[in-house]
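Written below as structure tokens is the structure these notes are about.
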Amino acid sequence: MNFDLQPEHELLRDTVRQFALEKVAPVAEELDREKRFPYELVSELAELGLMGMTIPEEYEGGGTDTLSYTIAIEELTRIDSSVAITVAAHHSLGTLPIYYFGTEEQKREWLPDLASGRKLAAFGLTEAGAGSDAGATRTTAHLENREWVVDGSKMFITNAGTDITSCVTITAVTGEGEISNIIVPNGAPGYEISAPMRKLGWHASDPRELSFKDCAVPAGHLLGPRGRGFQQFMEILDGGRISVAMSTSFSCTAWNLEIGRPNC
């Protein structure tokens, strides 16, 4: 097998590496120290077409392959994992569920802003009592007057509370033994987002705790068939682990070298 990169992949690698060195590196320490979300960098990453790389061009994405996307995340991680995880969580976890499982109407509504990077998306799976076990979801949603009424909470949800966040896609129990996925827009009544959470690292990223109390969203915000949420999120996690692995590998190595013992 030939593992050499194709010329287009080498060009992408060089472009993202140059951007990371020239734009990210000079401000990474300051962003981390001030626990400040990198809005300016996200805007520049969007201009480079890196916020929706594998989304087709018809939805304002980059239309690239998974290898290109992986290379981009790796190059960003070499300099700053906060920036890398912001891109990875937005693309793999926040945007791809809508592309993979949404109706054409949902894609037209949500993807142009997300794939272009004008807005961010989040992925609401983790809960305080369930971790990232999709089958242990405790958040519930029931249909009432053509709306899904959501009650529950999510924890450690990256990109959920920025000024440019558009929505979060959550898992919720919608019936006996039934888990579904629902798109909840930021600003929906009954949807509350905590202040940024304290962390040991990656201080410029944006993880939040989310709370839903009688949060009503239109019935049309159901993502894919009702009851298919577990299968959908497992598929998303399979792909998401690729970029998450790239966004943690360099930071874990650096951390291990600093303290002299393994952690990741």
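Every residue, every condition in (1) more than 15 Å from Gln232 (Cβ to Cβ); (2) without any contact (Cβ under 8 Å) to a residue 40 or more places away in the chain; (3) among the small types (Gly, Ala, Ser); (4) in contact with a strand residue (DSSP E or B) (Cβ under 6 Å, 6 or more places away or on another chain), yes or no:
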| position | (1), (2), (3), (4) |
| --- | --- |
| Ser153 | yes, no, yes, yes |
| Phe156 | yes, no, no, yes |
| Gly161 | yes, no, yes, yes |
| Ala172 | no, no, yes, yes |
| Gly175 | yes, no, yes, no |
| Asn181 | no, no, no, yes |
| Gly187 | yes, yes, yes, no |
| Ile193 | yes, yes, no, yes |
| Pro196 | yes, no, no, no |
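Conditions: (1) on the phi < 0 side of the Ramachandran plot; (2) in a strand (DSSP E or B); (3) loosely packed, with under 13 Cβ neighbours inside 10 Å. Asp214 meets all but one. Number of the miss?
Of everything listed in (1) on the phi < 0 side of the Ramachandran plot; (2) in a strand (DSSP E or B); (3) loosely packed, with under 13 Cβ neighbours inside 10 Å, Asp214 misses just condition (1).
Can you give me the ranges of the strands (runs of 3 or more DSSP E) entirely in the stretch 112-207 with at least 1 residues that are open to solvent by 60 Å² or more (accessible area, probe 1.4 Å)?
Where strands (runs of 3 or more DSSP E) fall fully within the stretch 112-207 and carry at least 1 residues being open to solvent by 60 Å² or more (accessible area, probe 1.4 Å), they are 140-144, 147-158, 191-193.
Hand me the list of helices (runs of 4 or more DSSP H) wholly inside the stretch 1-92 holding 2 or more residues that are open to solvent by less than 10 Å² (accessible area, probe 1.4 Å).
In the stretch 1-92, 39-47, 66-77, 81-88 are the helices (runs of 4 or more DSSP H) which contain 2 or more residues that are open to solvent by less than 10 Å² (accessible area, probe 1.4 Å).
What are the residues in the stretch 224-238 that are over 16 Å from the mean Cα position of the chain (by Cα) and open to solvent by less than 30 Å² (accessible area, probe 1.4 Å), if any?
Across the stretch 224-238, the qualifying residues are Gly224, Gly227, Gly229.
In the stretch 93-102, how many residues are open to solvent by 20 Å² or more (accessible area, probe 1.4 Å) and of a type in the set (Ser, Thr, Tyr)?
2
If a residue has to be touching a helix residue (DSSP H, G or I) at 6+ places or on another chain (Cβ under 8 Å) and modelled with pLDDT of 95 or more to count, how many in the stretch 186-202 make the cut?
Number of matching residues: 0.
A quick yes/no check of all residues on (1) under 23 Å from Gly161 (Cα atoms); (2) out of contact with any Gly (no Cβ under 7 Å at 6 or more places or on another chain); (3) among the aliphatic types (A, V, I, L, M); (4) at pLDDT 95 or above:
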{"site": "Glu30", "(1), (2), (3), (4)": "yes, yes, no, yes"}
{"site": "Val42", "(1), (2), (3), (4)": "yes, no, yes, yes"}
{"site": "Leu45", "(1), (2), (3), (4)": "yes, no, yes, yes"}
{"site": "Pro56", "(1), (2), (3), (4)": "no, no, no, yes"}
{"site": "Thr66", "(1), (2), (3), (4)": "no, yes, no, no"}
{"site": "Glu75", "(1), (2), (3), (4)": "no, yes, no, yes"}
{"site": "Ser82", "(1), (2), (3), (4)": "yes, yes, no, yes"}
{"site": "Val87", "(1), (2), (3), (4)": "yes, yes, yes, yes"}
{"site": "His91", "(1), (2), (3), (4)": "yes, no, no, yes"}
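The values are calculated or read from the model by the stated rules, or taken from the named source; none is laboratory data. Since the structure is predicted, the reported quantities are computational estimates derived from the model, not experimental observations. Positions of Cβ are generated from backbone atoms using ideal geometry, with glycine treated the same way; all protein chains shown enter the neighbour counts. Quick note on the areas: whole protein, heavy atoms, side chains included, nothing else; ligands and nucleic acids left out. Shrake-Rupley method; radii C 1.70, N 1.55, O 1.52, S 1.80 Å.
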